Each structure stands twice: as structure tokens, then as C-alpha cells.
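The block underneath contains the structure these notes are about, expressed in C-alpha cells.
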Amino acid sequence: MSDRLEVATARVDSEFGSVWILATQAGLRGVGLGDREAPSAREARALGIHYVNRPRWTDGARRALEDYFAGREPALDLRLDLAEGTPFERRVWDATRRVRYGSVISYGALAARIDMPGAARATGNALGKNPAPIVIPCHRVIQGDLTIGGFSSGLGWKRYLLELERGQLELGWERVRRSRNA
């Protein structure tokens, strides 16, 4: 069993659906929203994963997500143990973690933050591979024309998360649009 990665799981329920957490001893490894469920035990074995009962590995993320879904700004500065991602994707994910609760940024502006102006599409592609949504808050990244953009777990989840953080979503967009044109 020593060649298998030990992973603990937990689940948090929100008004919009279930959220699952995968964590190793080193940190948070994945977050899945709604239909993106944790791999079954059989799938996990095929991936070299051995599920273990280690609540201490998942408790920090579980508590933070429970706070988040209760409408309280959580401490999401959790340790990550990301086994995936190119160096570029990791730069995008790191920059995305610095987008503040309740705010939004465009794909292009996020690309500029990592000194890659003109890489808005590549930035969006990197966010589409984000293994830990909410903790790496890719839902806060929108299109340059102030439309919502895409989301790997579906636009319903993105809208729900933005409304949870910002209140009435459409009113928030209007404020952003007016301040941008002012």
C-alpha cells in the first residue's frame, strides 16, 4: 500500500448542492462542486489513491467552506497539495487566490497580473483546470466585457458563488460598469 497516495475526503452541503473535499497530509488536493464527485473507490485505486479516514486533513477546508456557505468571509489561505498543473497554470492559480472576496477581475487583468498581457484566453483555460474551486476562487474571474464568462462546474454554480459573495449579482455588474465608464 506504500505506493498509493493516502487521501481523506469530506463533504459540505450548500443551498446549491454538495461540495466534496480531497486532502492529503500535505494539504488540500481538490474541491468538487455538484456533479463533479470524488472518484469512487475503484477509480481511486486506478489512480493510485487509497482513501483513509483522517478528519484532521479535511477539517480546515470543511470549516472554511461551511463558513463560506453561511455567508461569512472564510479564511481560505489553506495549504494546497496540488499534483497537477503546468508552471503557467500554477501562476494563474496563485494570482487568482489573491482576488479578494466579493470582488471580480477580468481574465485579461488577471493575465496582466502575472506579466502575461494578452494571455486572457490561456488564463481562462488554466482556470478551467482549477482543481480547487472556491479556495482558488476562479468564479471571481469574468470576461472583459463584464459578462460572467465560463466555469468548469457550470454557470449556475458561478452565479450562485458570486451572488453569495456580492449580493444581487446584476446590481453589482451595473456598479462595475458605471465606475468603469466614469
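Relative contact order of the chain: 19 percent, from C-alpha pairs under 8 Å at least 6 residues apart in sequence.
Per-residue 3J(HN,Hα) values for the range 15-22, derived from phi via the Karplus relation 6.51 cos²θ - 1.76 cosθ + 1.60 with θ = phi - 60°, read 4, 8, x, 7, 10, 10, 10, 10 Hz in sequence order (x marks Gly and Pro).
Under 16 Å from a point placed 7 Å out from the Cα of A83 along the Cα-to-Cβ direction: which residues of the range 47-73 have their backbone N that close? Taking a point 7 Å out along Cα→Cβ of A83, the residues of the range 47-73 whose backbone N falls under 16 Å are 47-53. Accessible area per residue was computed with a 1.4 Å probe on protein heavy atoms; Y101 scores about 50 Å².
Ignoring the sites themselves, the chain has its longest run without trypsin sites (Lys or Arg not before Pro) in a DSSP loop having at most 13 other Cβ atoms within 10 Å at 101-182. Estimated at 0.36 nm per residue, the fully extended path between S40 and D59 surpasses their Cα-Cα distance by 4.8 nm. Extending 7 Å from the Cα toward the beta-carbon at both E73 and L146 defines two label points whose distance is 2.3 nm.
Residues whose amide H comes within less than 5 Å of that of L28, counting only those at least five positions distant or on another chain, are R79, L80, D81 (H built at 1.01 Å from N in the peptide plane).
For the pair R90 and R159, label points projected 7 Å from Cα toward Cβ lie 3.7 nm apart.
Remind me, relative contact order of the range 47-143 in percent, using alpha carbon pairs under 8 angstrom and six or more residues apart? Once divided by the residue count of the range 47-143, the mean separation gives 26 percent. Using C-alpha pairs below 8 Å separated by at least 6 residues, the relative contact order for the range 22-68 is 39 percent. Averaging Cα coordinates gives a centre for the range 1-64 and one for the range 84-146; these two points are 23 Å apart.
Ranking T9, T123 by solvent-accessible area of protein heavy atoms (1.4 Å probe, all protein chains present), from largest to smallest, gives T9, T123.
The values are calculated or read from the model by the stated rules, or taken from the named source; none is laboratory data. Quantities reported herein were computed from a predicted structural model and do not represent experimental measurements. FYI the Cβ positions are ideal-geometry reconstructions off the backbone, even for glycines, and counts take in every protein chain you see. These area figures cover heavy atoms from the full protein model, side chains too; ligands, DNA and RNA do not enter into them. Shrake-Rupley method; radii C 1.70, N 1.55, O 1.52, S 1.80 Å.
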